[in-house]
Amino acid sequence: MEKVDHIGIAVKSIEASLPFYTEMLALTLIKKETVENQGVAVAFIDAGNVKLELLEPLNDLSPIAKFIEKKGEGIHHIAFKVEGIDQRLNDLKEKGIRFISDQPKPGAGGAAVAFMHPTQAHGVLYEICDHSSIKGAAGNE
Ligand code: CO
């Protein structure tokens, strides 16, 4: 892995938590969006060398809703930036790393994302995300 792209943080409400970041910590909101296939509303915050991804569940079936129910609000995952996610996924699988889904899925910002199985990663949920395949995007989003 080369660098961390973002840290995912589960929140009950983006509206309620955003002022902590933008007003108290004086960080900048990059964008908000909805990722229907993952059942979340997302807000990306610029934290300089890394982004923070606030994740609010859209409904009770969202994995984020289940996470908050079990553990409360807090750090949910760490995402590594990759290019050529299909190849990287295969390389990691060949090393014996298991993923929650076998194929990359569309994530926030049109990135392709895949999550590693947290039990094998010593309790941390790691995502790999690839922004390079986004149509019309020039490098970083
Ligand atoms: Co993420």
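Going down the table (Lys12/Lys70; Lys12/Lys81; Lys31/Lys51), which pairs top 18 Å between alpha carbons?
Pairs exceeding 18 Å: Lys12/Lys81.
Kirkwood hydrodynamic radius for region 3-130: how many Å is it when counted over pairs of different Cα atoms?
15.0 Å
If amide hydrogens are placed 1.01 Å from N in the peptide plane, which non-local residues have theirs closer than 5 Å to the one on Ile30?
Hits under the 5 Å cutoff: Phe44, Ile45, Asp46.
Mind ranking Leu54, Leu25 by accessible surface for me, highest first, 1.4 Å probe?
Largest accessible area first, the residues go Leu25, Leu54.
Among the aspartates and glutamates, select those whose C-alpha is under 20 Å from the C-alpha of Lys32, and discard any that sit fewer than 8 residues away in the same chain.
Asp5, Glu15, Glu23, Asp46, Glu53, Glu56, Glu73, Glu127, Asp130, Glu141
Of Ile78, Gly39, Gly109, which is farthest on the positive side of the dipole of region 3-130, counting Cα position, with +1 on Lys and Arg Cβ, -1 on Asp and Glu Cβ, and the Cα centre as origin?
Ile78
How big is the gap, in Å, between the Cα center of region 108-131 and the Cα center of region 1-58?
For region 108-131 versus region 1-58, the Cα centre distance is 16 Å.
Computed FRET efficiency, Cβ-Cβ of Leu25 and Asp91, R0 30 Å: what is it to the nearest 0.05?
Efficiency computed from Cβ-Cβ geometry: 0.25.
Could you calculate the contour length gain from Val4 to Gln120, that is, 0.36 nm times the residue separation minus the distance between their Cα atoms, to one decimal place in nm?
The Val4-Gln120 span can extend by a further 39.8 nm.
The values are calculated or read from the model by the stated rules, or taken from the named source; none is laboratory data. The structure displayed is predicted, hence computed values, not measured ones. Here Cβ is always computed from backbone atoms with ideal geometry, including for glycine, and neighbour counts include all displayed protein chains. Each accessible area value is taken on the protein alone, full model and side chains, heavy atoms only, with ligands, DNA and RNA left out. Shrake-Rupley method; radii C 1.70, N 1.55, O 1.52, S 1.80 Å.
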